[in-house]
Amino acid sequence: MIKLKDLYPNQASFLMEKKELGNAYIEKVRMLTQRNNHTEARLELAKLAGSKQHIKFYQAIMDIEDVVGHLPMGLSKVRHEMEKPFMNLLKKKFSNFDIIYGVL
């Protein structure tokens, strides 16, 4: 089997290079968190990371929050369980993950 890194040995690192999240996005996430919109902050990060799974997950939580008027306890636990895989994704995608994590 031919591997992509064998075809393009000089560009193999380019394919896995992390990107830096801009200050404007970090500030937006910080403001959402400061206003107690934790789910919306994570939704924005999921969009920036390009994770369709997490976008659907956090959008569904927001839809339930809109209907109920708050974040139900059981749903809060589910969101917490999804936190570690989501943070691992952000760590892989963004070079300035420590700053992002600090504003959440």
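All of the numbers you see were taken from the coordinates with simple rules; none came from a lab. On a predicted model such as this, the values are computed, not experimentally measured, just so you know. Don't worry about glycine lacking a Cβ; one is built from the backbone with ideal geometry, like all the others, and counts go over all protein chains shown.
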Extension gain (nm, one decimal) between Ser76 and Ala24, 0.36 nm per residue minus Cα-Cα: 15.9 nm
The stretch 32-48 - phi-based ³J(HN,Hα) in whole Hz, Karplus 6.51/-1.76/1.60, Gly and Pro as x: 4, 5, 4, 8, 6, 9, 5, 5, 5, 4, 5, 4, 4, 5, 5, 5, 5
Residues of type aspartates and glutamates that Lys91 reaches as a straight line, Cα spacing below 15 Å, ignoring anything fewer than 8 places off in the same chain: Glu17, Glu20, Glu83
For Ser95, residues with placed amide H under 5 Å, excluding near neighbours: Lys19, Glu20, Leu21
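Looking at the stretch 22-103 from every direction and averaging, what is the projected area of its Cα convex hull in nm²? Walk me through the numbers on the way to the answer.
Numbers: hull surface 20.3 nm².
For the stretch 22-103, averaging the hull's shadow over all directions gives 5.1 nm².
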Estimated inter-spin distance, Val68 and Gln34, nm [label 7 Å along Cα→Cβ]: 2.8 nm
Highest average packing first - 60-69, 31-40, Cβ atoms within 10 Å: 31-40, 60-69
For the stretch 22-103, with +1 on Lys and Arg beta carbons and -1 on Asp and Glu, the positive-most of Leu48, Val103, Gln59 along the dipole: Leu48
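What does the charge count around Pro72 come to, taking other residues whose C-beta lies under 11 Å from its C-beta (Lys +1, Arg +1, Asp -1, Glu -1)?
Neighbour charge sum, excluding Pro72 itself: +1.
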